[in-house]
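*Asks:* The structure under discussion is supplied below as structure tokens; questions concerning it will follow.
FYI, it's all coordinate maths here, none of it is from the lab. Computed from a predicted model, the values in this text were never measured in an experiment. Backbone-built Cβ (ideal geometry, glycine too); neighbour counts: all protein chains shown.
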Amino acid sequence: MNAVRIERIWYGHEPVPWWLRVLVPVYQGLRLLDRAPWTLGLRRVTRLPVPVIVVGNLTVGGTGKTPLVIALVEALRAQGFRPGVVSRGYGGRVRSPLLLDDRPDPAEVGDEPSLLRRRTRVPVAVGRDRGRAARLLLAQGVDVVIADDGLQNLSLARDLEICVIDGERRFGNGRLLPAGPLRESVARLAEMAFVVCNGGPAAAGEVPMRLEGDIAVALAGAEPSRPLAAFAAQRVHAVAGIGHPARFFAQLRAHGVVVVEHALPDHHALTEADFAFGEALPVLMTEKDAVKCAHWARADWWCVPVRADLPQAFLERVVEQVRQRKGAARSP
């Protein structure tokens, strides 16, 4: 079944085929098996001596976690904390825990960790075992750890859980995988410290978030940055290998750009062949895609960084809860 039909089933009005419905219990069983080592006490949950924030989602695909992680890093650092980020490193080849250097290779460590390291300059560690990877951060002087993704991973104990939802698509048809996009039931939201709604109208109790990006940055470095408005009424090739490419294309169109869409799978390993469009137009891409091709980018290739626009009160509440947990950890 191709991705277009899955999209129609999960987020449109196409009925769910019977064979997808009967596979739901299989998915639930596999998930129980995956969690069993921790729920049965066969493996120990890693508990760090510093506060841990987990940022994740309930659905498959991108919801805006990475921009939120960057915003949290900046808010914590502004208040004197020394944050670090841990990630599985999805899409990379590294399996053992690894601390990223100043020039991470996305093919080795994953595109999102590479982007986080380059944007924030804070310590970033990757590894399938998030607990072991997170311990690498402690040696770097980190006093609060942010886990990029991992709500469904039990290996690392956490103090705060923040769920990001796609405010436009929400939870689709509300079904679990593979009949729907949910990794786990929406009832799980009741356990979250915060639920952040990216785009669309936020429901009661949700924190509204908007992704803002109005600047294009030249990948080859030969051109100064320019406003997206400079591309208004101009045709461009738009490349997006993210969970919801339509969001990026809509962002460009909102600035008057005439978009030729090139939607790729999330975490797609870009090659030069992916840019053989046969038409010489400027190329605009997401920052997550840009980290994978910056070293062979051409003169008219641009990335569009985004930032998370969040209520200041939300960031202050997160900082305060981290401060309280850090203080409690120091108490006898």
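*Asks:* Quick one: is D166 buried (at least 20 other Cβ atoms within 10 Å of the Cβ) and of a type in the set (D, E)?
*Replies:* yes
*Asks:* Given V259, V322, which one is assigned to a helix (DSSP H, G or I) and buried (at least 17 other Cβ atoms within 10 Å of the Cβ)?
*Replies:* Residue meeting the stated conditions: V322.
*Asks:* Residues in region 1-48 that are touching a residue at least 60 places away in the same chain (Cβ under 8 Å) and loosely packed, with under 10 Cβ neighbours inside 10 Å: how many?
*Replies:* The number of residues fulfilling the criteria is 1.
*Asks:* Hey, could you check region 215-229 for residues that are out of contact with any Asp or Glu (no Cβ under 9 Å at 6 or more places or on another chain) and surrounded by fewer than 14 Cβ atoms within 10 Å (Cβ to Cβ) and say which is nearest to G256 (Cα to Cα)?
*Replies:* Step by step, filter region 215-229, then rank; the result is R226.
*Asks:* Identify, from the list V122, V196, the residue that is closer than 20 Å to R325 by Cβ, among the aliphatic types (A, V, I, L, M) and in contact with a Gly (Cβ under 6 Å, 6 or more places away or on another chain).
*Replies:* Sole residue among the options that is closer than 20 Å to R325 by Cβ, among the aliphatic types (A, V, I, L, M) and in contact with a Gly (Cβ under 6 Å, 6 or more places away or on another chain): V122.
*Asks:* If a residue counts only when it is farther than 21 Å from L115 by Cβ, which strands (runs of 3 or more DSSP E) contained entirely in region 153-221 have at least 1 such residues?
*Replies:* 160-166, 194-198, 207-212
*Asks:* Could you identify the single residue in P37, P104, P113 that is touching a Lys or Arg at 6+ places or on another chain (Cβ under 7 Å) and closer than 24 Å to R307 by Cβ?
*Replies:* P104
*Asks:* Okay, moving on. Please go through region 17-54 and pick out each residue that is of a type in the set (V, I, T) and under 19 Å from L138 (Cα atoms).
*Replies:* V45, T46, V50, V52, I53, V54
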